[in-house]
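Shown next, in structure tokens, is the structure this report addresses.
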Amino acid sequence: MSTPTRRRRAPKDELLPLSDALEEIGISRATWYRWRNQGYGPEARRTPSGRICVRRSALDAFKNELEAA
């Protein structure tokens, strides 16, 4: 009798706090808000607790877009 194997879940798309995302991009918070008002930058969401977070996938896609330009 073999032991049952457990399926592994795909890694969840991590939510990064805005401060971590800004540090990774290398911009200030003022630049972030200026970009956001112009419709530029990775998509961000506000959590129920009020924090602004960026999904890892959105940040990576934005960084790839910057590298391609």
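Computed from the coordinates by the stated procedures, all read-outs in this text should not be read as laboratory data. Please read these numbers as outputs of a predicted model, since none were measured by experiment. Ideal geometry is used to build each Cβ from the backbone, glycine not excepted, and the neighbour counts take in all protein chains shown.
Sort all Cα-Cα distances of the stretch 16-69 into consecutive 5 angstrom bins from zero, then give the percent of pairs in each bin up to the one containing the longest distance.
Calculated over all Cα pairs of the stretch 16-69, the distribution is 4, 20, 31, 30, 12, 2, 1, 0 percent.
So what's the net charge close to I25: Lys and Arg +1, Asp and Glu -1, counting the other residues with Cβ under 15 Å from its Cβ?
Taking every Cβ under 15 Å from that of I25, the sum is -1.
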